[in-house]
Amino acid sequence: MAKRCLIIAGGEWNQEFASCYINKKYGEKKPELVIAADGGLHGLHQMGILPDILLGDYDSVPAELLAQYGADDRMIRMQYPAEKDYTDSHLAITTAIEQGAGEICIIGAIGTRMDHSLTNIGLLKSCLEAGVEAELVDAHNRVRMIDQQMFLRKQEQFGRYVSLLPFTERVTGITLQGFRYPLQEAELELGVSRGVSNEIIEEKAEIQIRTGLLLVIESRD
């Protein structure tokens with residue numbers, strides 16, 4: 001059975017938002033797998049959540065916090081060298097997929113390090129290729145990637161604006177229904193801003209694409 005996985009990374013952190021979003025998303029059905037990617041342990045500690053797995057090179061985990069959790073045999077520790085090929089977030093996503101995740105929610109993956117933020121957005125492609133539903137979420141945005149169809153319900157939308165950004169050089173056959181600015185068999189090209197700041201105006205909106213990879217970004221401001 002596919003697992004619902006929560007990954008907390010070490011990027012920008014808003015405890016109030018994270019607690020509310022996790023409670024709303026999972027309710028009493030807690031995620032079956034919780035992974036702390038290095039400094040993400042601090043965020044989970046603030047919320048009183050014990051991760052199933054802690055991984056990374058531990059360069060951004062306070063020593064006292066690491067020592068506190070080190071003796072807890074309910075948590076698996078996976079330590080990597082500081083000089084490694086992949087980021088802690090990448091390792092967390094790979095581990096989640098290996099552990100049988102069917103959906104992954106990643107919080108703390110967007111922050112002041114633009115290189116890490118863009119890399120983490122790109123990692124959604126790995127999830128898509130593995131057949132895993134994934135989202136990057138912070139207090140302002142929810143980011144997902146699609147290669148075919150997606151439905152959005154107005155009452156469940158994350159924020160007012162929905163922007164569609166090509167991840168591949170071109171995305172073709174884009175048809176939008178239920179949006180303020182509909183499209184019919186359109187094409188979006190990387191580096192062109194045509195898909196920014198649309199809005200859902202019906203109870204259910206639909207996105208269809210024929211080829212390419214498309215980022216769907218819901219924004220609150």
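General remarks:
- Which listed residue, of 97, 106, 76, is under 20 Å from residue 121 (Cα atoms) and open to solvent by 30 Å² or more (accessible area, probe 1.4 Å): 97
- Test for residue 188: is it touching a Pro at 6+ places or on another chain (Cβ under 8 Å) and either crowded, with 19+ Cβ neighbours inside 10 Å or polar (S, T, N, Q) (or both): yes
- Scan of segment 41-65 for residues that are touching a helix residue (DSSP H, G or I) at 6+ places or on another chain (Cβ under 8 Å) and open to solvent by less than 30 Å² (accessible area, probe 1.4 Å), ordered by number: 41, 43, 51, 53, 54, 55, 56, 57, 58, 61, 65
- Those helices (runs of 4 or more DSSP H) lying entirely in segment 23-127 with at least 3 residues under 18 Å from the mean Cα position of the chain (by Cα): 40-47, 88-98, 114-122
- Verdict on residue 102 being touching a residue at least 40 places away in the same chain (Cβ under 8 Å), over 21 Å from residue 168 (Cα atoms), touching a strand residue (DSSP E or B) at 6+ places or on another chain (Cβ under 7 Å) and not aliphatic (A, V, I, L, M): yes
- In summary, residue 159 fulfils each of the numbered conditions (1) in a strand (DSSP E or B); (2) touching a residue at least 24 places away in the same chain (Cβ under 8 Å); (3) of a type outside the set (A, V, I, L, M) with the single exception of condition (1).
- Residue 4 falls short of the stated requirement of being assigned to a strand (DSSP E or B), of a type outside the set (A, V, I, L, M, F, W, C), over 18 Å from the mean Cα position of the chain (by Cα) and surrounded by fewer than 23 Cβ atoms within 10 Å (Cβ to Cβ).
- A Cβ distance below 7 Å, combined with a sequence gap of six or more or placement on separate chains, defines the contacts here; from segment 10-33, residues that are in contact (Cβ under 8 Å) with a residue 12 or more places away in the chain reach residues that are part of a helix (DSSP H, G or I) and among the charged types (D, E, K, R) in the pairs 10/88.
- Of all residues making up segment 166-185, the number that are open to solvent by 80 Å² or more (accessible area, probe 1.4 Å), in contact (Cβ under 8 Å) with a residue 12 or more places away in the chain and either small (Gly, Ala, Ser) or part of a loop (DSSP other than H, G, I, E, B) (or both): 3
The values are calculated or read from the model by the stated rules, or taken from the named source; none is laboratory data. None of the values given here were measured: they were computed from a predicted structure. Here Cβ is always computed from backbone atoms with ideal geometry, including for glycine, and neighbour counts include all displayed protein chains. The accessibility values were calculated without ligands, DNA or RNA, using every heavy atom of the protein model including side chains. Shrake-Rupley method; radii C 1.70, N 1.55, O 1.52, S 1.80 Å.
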